[in-house]
Amino acid sequence: MSIGIKNLAAVEFFVRDLERASGLLIEKMDFAHVATGDESWQQRNNTRSHLFEAGQCRIILSVPEGDGEASAFLNAHPEGIGSVYFEVENAQTALSTFESRGGTPTSDVEALGAVSLFGATTPFGAARFKFFERTGEGDFLPGLVPLATPQGGSNRFGFEAFDHMTSNFMTMSPLLLWLEHVMGFERYWDIEFHTKDVSQVTGHAGSGLKSVVMWDPKSGVKFANNEPFRPFFENSQISIFCNDNRGPGIQHLALSVPDIEKAVRGLRSGGADFLHTPGNYYDALPGRLDEVNVGAIDEDMDMLRDTGILVDGEGPGQYLLQIFLKDLATQHDDSNAGPFFFEVIQRKGAKGFGGGNFRALFESIEREQVG
């Protein structure tokens with residue numbers, strides 16, 4: 001049973017370089033800077049923070065100022081998502097349910113203006129979950145004071161909401177049990193594969209992957225969770241991520257759009273870097289879509305090849321389009337920026353996750369690494 005989640009409301013990145021991180025969001029992804037943490041926020045969280053928005057996608061960037069969650073996170077890991085905020089129907093009920101199921105809250109419910117909230121530890125590496133109930137009109141989160149005039153972007157790429165979040169673990173069973181028995185999530189989809197064909201082409205070891213998607217049926221919030229899978233366990237992209245991240249953590253965040261071609265062309269013209277999709281992917285695409293009986297798609301194959309957009313299907317008229325940006329360490333040429341990356345996704349009838357999505361992601365990463 002759900003603990004009463006309404007939506008995945010925001011994610012908080014803990015960063016060392018606020019100017020660099022905000023530049024990516026504003027200059028390349030056209031987010032708007034809409035709020036800044038006031039003195040009460042700084043004292044409560046020991047961070048200097050800014051809130052950015054595009055559609056319903058809210059991202060908080062926080063730099064540590066003194067000891068606290070942010071400094072502890074960055075002492076152990078490169079930059080990445082350290083907090084995930086969920087809006088809930090009733091904070092006290094959520095806390096009671098969460099704790100009765102063996103969850104570990106870090107505080108009682110605090111009433112702070114128009115928001116009541118509590119935090120909790122998680123198996124998502126060093127990331128914590130924050131649950132809040134809105135009890136009246138006020139700031140999005142207590143202490144994040146809106147700017148008189150938002151600065152930066154206007155969301156011209158059409159980001160709508162967070163479609164899903166993906167995390168990597170060296171072993172994911174404890175996480176899956178926690179999501180099921182503590183958070184009340186249900187199993188949604190799963191797959192396992194290895195990229196032997198890629199390894200044969202590149203001459204390098206491929207990836208092995210097991211993935212299970214868990215979801216909260218009431219809110220529709222989805223978490224995809226990965227672990228390495230033999231025979232390429234140590235060489236798997238999952239293992240590489242955990243090594244680069246110095247432990248398990250959130251690998252990527254998918255942002256939904258209504259027109260992915262427009263979004264990708266705009267993002268690329270603004271300097272965003274995407275993973276390369278090999279030409280032979282598009283040579284094989286019609287046959288792969290036939291195998292899952294998708295039928296005709298609206299998009300022109302030449303456009304897909306030109307933009308690097310990937311396609312995956314689930315059945316007649318049900319497919320999705322997606323593309324992955326390069327990880328932040330690559331985009332910033334700094335390993336401390338971390339292995340996290342963004343995904344852009346447009347759904348056309350497809351509600352879940354197709355196996356081709358995951359293979360395409362890992363094949364693209366591996367080919368990128370080989371150069």
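The values are calculated or read from the model by the stated rules, or taken from the named source; none is laboratory data. These numbers come from a predicted model, not from an experiment. Neighbour counts are summed over all protein chains in view; Cβ atoms, including those assigned to glycine, are modelled from backbone coordinates with ideal geometry.
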Among the numbered criteria (1) over 26 Å from the mean Cα position of the chain (by Cα); (2) surrounded by 13 or more Cβ atoms within 10 Å (Cβ to Cβ), which single criterion is violated by residue 304? (1)
Within the stretch 220-248, take every residue that is touching a strand residue (DSSP E or B) at 6+ places or on another chain (Cβ under 8 Å) and among the aliphatic types (A, V, I, L, M) and give me the one that is modelled with the lowest pLDDT. 238
List, please: which pairs have Cβ atoms under 7 Å, are six or more places apart or on different chains, and start with a residue in the stretch 288-305 that is assigned by TED's automatic domain parsing to the domain that holds residue 263 and end with one that is among the polar types (S, T, N, Q)? 294/318
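Any residue that is closer than 17 Å to residue 281 by Cα and of a type in the set (A, V, I, L, M, F, W, C) - is there at least one of those in the stretch 322-333? Walk me through how you get there before you give the answer.
Going through the stretch 322-333, the residues closer than 17 Å to residue 281 by Cα turn out to be 322-324.
Restricting the remaining residues to those that are of a type in the set (A, V, I, L, M, F, W, C) gives 323-324.
Within the stretch 322-333, one or more residues are closer than 17 Å to residue 281 by Cα and of a type in the set (A, V, I, L, M, F, W, C).
Check the stretch 183-193 and report whether any residue there is buried (at least 22 other Cβ atoms within 10 Å of the Cβ) and at pLDDT below 95.
From the stretch 183-193, those buried (at least 22 other Cβ atoms within 10 Å of the Cβ) are 183, 185; that's our starting set.
Pick out the ones that are also at pLDDT below 95 and you get none.
Among the residues of the stretch 183-193, not one is buried (at least 22 other Cβ atoms within 10 Å of the Cβ) and at pLDDT below 95, which makes the answer no.
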Select the strands (runs of 3 or more DSSP E) contained entirely in the stretch 1-83, then report the ones holding at least 3 residues which are under 20 Å from residue 340 (Cβ atoms). 5-14, 47-54, 57-64
The listed residue being in contact (Cβ under 8 Å) with a residue 12 or more places away in the chain, closer than 27 Å to residue 59 by Cβ and touching a helix residue (DSSP H, G or I) at 6+ places or on another chain (Cβ under 8 Å), out of 279, 271, 266: 271
Is there any pair linking a residue in the stretch 90-110 that is surrounded by 15 or more Cβ atoms within 10 Å (Cβ to Cβ) to one that is of a type in the set (S, T, N, Q), with Cβ under 6 Å and at least six apart or on different chains, and which? 91/116; 109/92; 109/116
When the stretch 144-163 is checked residue by residue, the ones that are surrounded by fewer than 21 Cβ atoms within 10 Å (Cβ to Cβ), closer than 25 Å to residue 116 by Cα and not aliphatic (A, V, I, L, M) are 146
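Please specify each residue of the stretch 105-164 satisfying the condition of being charged (D, E, K, R), within 22 Å of the chain's Cα centre (by Cα) and under 18 Å from residue 4 (Cβ atoms). First the steps, then the outcome.
Residues of the stretch 105-164 that are charged (D, E, K, R), as a first pass: 108, 110, 128, 130, 133-134, 137, 139, 156, 160, 163.
Next, only the ones that are within 22 Å of the chain's Cα centre (by Cα) stay: 128, 130, 156, 160, 163.
Of everything in the stretch 105-164, just one residue is charged (D, E, K, R), within 22 Å of the chain's Cα centre (by Cα) and under 18 Å from residue 4 (Cβ atoms), namely 130.
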Within the stretch 127-153, considering residues that are closer than 17 Å to residue 34 by Cβ and of a type in the set (Gly, Ala, Ser), the one modelled with the lowest pLDDT: 138
